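*Asks:* The structure under discussion is supplied below as structure tokens; questions concerning it will follow.
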Amino acid sequence: MNMLKKFFCLVFLGFFLICLLQIRTYKPEILKYSDHEEVVSSGKLSPEGKQQAFREKRNVDIVVDPGHGGIDGGTTGGGVQEKRWALRLGHELAKELRARGLDVMMTREEDKALSLDRRCQVANASDAKAFVSIHFNYSHKPSVSGFETYYSWPKSLATMGAIRRSLGVSEGVTFRDQRGELLARKIQKAVVADMKVRDRGARNSQFWVTRNTKAPSVLLECGFLSNQAEREDYENSAYRLRVVTAISNALEAYLEEYKEAELKGIELQ
Ligand SMILES: [Zn+2]
């Protein structure tokens, strides 16, 4: 093979490897504003979604949403797939909350693929008081660690309309719903205080599931699969129970506060 052919082969190989890396690190739930999302999230339920919503119609307190599932494994680190740990921690959180007398619905209870829109449809149809999505994080730097919580404000137009109707805020009156942020701050504070993990903050972000659910919604990045110490921590069931207890304490305190003052966190402008 002459030099030119070798050169092109190398360029092609490099390009192919970059493509592979992009596919591996693609996080489908991170979606920025787009012209199409209001259409996608218009709240119209698919027949399947309607059925599940009907079955699940009850006074749901909290929807627990284990991230990813099925062909969508999420991120990986140290041989651990995010979808598996999200599901395990999701089950453990649901168990703890149920033990406290709360009605909990899970968006998935097994290793199955579930679209982001479907997760939102089911949560919205259930009229839950809070929505918690469970994820694990990844960094190219193995030393990076910590817990972070996300909420969304503003939410999608369709979701804002649904919140407006549920709160009885008239058209033309602008409002700010800070309940998601307040819940995020409570969970972040509780986990960091109890677990002594690095505080990566409660942040506003346009994750699909927090943006398109009308309940106060949070997405938890519970720890880094790329960090060996955090992986080892989460392999320990006693450690996971402490995390789940801290999250549950914050959720319970949040629900109590909102029972007392229904419009807490809602600001009319
Ligand atoms: Zn994830």
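*Asks:* Per the 1.4 Å probe, what fraction of the accessible area of segment 56-268, in percent, lies on carbon and sulfur atoms? Before the final figure, lay out each step's value.
*Replies:* Numbers: 4350 of 8920 Å².
The C+S portion of the solvent-accessible surface of segment 56-268 is 49 percent.
*Asks:* Run the simple label-point estimate for A99 and A253 please: 7 Å along Cα→C-beta, distance reported in nm.
*Replies:* It works out to 2.0 nm between the two label points.
*Asks:* In Å², what does the accessible area per residue of segment 56-268 work out to with a 1.4 Å probe?
*Replies:* Details: 8920 Å² over 213 residues.
Spelled out: the 1.4 Å probe surface of segment 56-268, per residue, equals 42 Å².
*Asks:* Residue by residue through segment 122-128, which ³J(HN,Hα) values in whole Hz follow from phi under the Karplus form 6.51 cos²θ - 1.76 cosθ + 1.60 (θ = phi - 60°), with glycine and proline marked x?
*Replies:* 5, 5, 5, 5, 7, 6, 5
*Asks:* Could you please state, rounded to a whole Å, how far the C-alpha centre of segment 230-269 is from the C-alpha centre of segment 54-116?
*Replies:* So the separation of the two Cα centres works out to 15 Å.
*Asks:* I'd like the Karplus ³J(HN,Hα) series for segment 87-101: coefficients 6.51, -1.76, 1.60, θ = phi - 60°, whole numbers in Hz, and an x wherever there's a Gly or Pro.
*Replies:* 5, 4, 5, x, 4, 5, 5, 4, 4, 5, 5, 5, 4, 8, x
*Asks:* Enumerate the amide H contacts of M106 below 5 Å, restricted to partners 5 or more residues apart or on another chain; note that Pro and chain-start residues carry no placed amide H.
*Replies:* V64
*Asks:* Filter the trypsin sites (Lys or Arg not before Pro) in segment 167-245 to those in DSSP coil with at most 13 other Cβ atoms within 10 Å of their Cβ, and list the result. Can you show the working numbers first?
*Replies:* Working: sites: R176, R179, R185, K186, K189, K196, R198, R200, R203, R211, K214, R231, R240, R242; in loops: K196, R198, K214.
Answer by residue number: K196.
*Asks:* While we're here: Along segment 249-255, what does the Karplus equation 6.51 cos²θ - 1.76 cosθ + 1.60 (θ = phi - 60°) give for ³J(HN,Hα), rounded to whole Hz, x for Gly and Pro?
*Replies:* Residue by residue, segment 249-255 yields 4, 5, 5, 5, 4, 4, 4 Hz.
*Asks:* Pull up all non-local amide H partners of R200: gap of 5 or more, or a different chain, and H-to-H distance under 5 Å with H placed in the peptide plane.
*Replies:* Here F147 satisfy the definition.
*Asks:* Past the 25 Å Cα-Cα mark, which pairs from K186/K259; K186/K264; K83/K141; K112/K186; K155/K196; K95/K264? Mind showing how you got there, number by number?
*Replies:* Numbers: K186/K259 16 Å; K186/K264 14 Å; K83/K141 21 Å; K112/K186 30 Å; K155/K196 31 Å; K95/K264 28 Å.
Checking Cα-Cα distances, K112/K186; K155/K196; K95/K264 exceed 25 Å.
*Asks:* Still on this structure, I have one more. Taking 7 Å along the Cα-to-C-beta vector as the label spot, tell me the K5-A193 distance in nanometres, rounded to one decimal.
*Replies:* According to this spin-label approximation, the distance is 7.0 nm.
The values are calculated or read from the model by the stated rules, or taken from the named source; none is laboratory data. Note that the coordinates shown come from a computational prediction; the quantities given were computed from them, not determined experimentally. Please note: Cβ atoms are built from the backbone with ideal geometry, for glycine as well, and neighbour counts cover all protein chains shown. When the accessible area is computed, the model is the full protein with side chains, heavy atoms only, and any ligands, DNA or RNA have been set aside. Shrake-Rupley method; radii C 1.70, N 1.55, O 1.52, S 1.80 Å.
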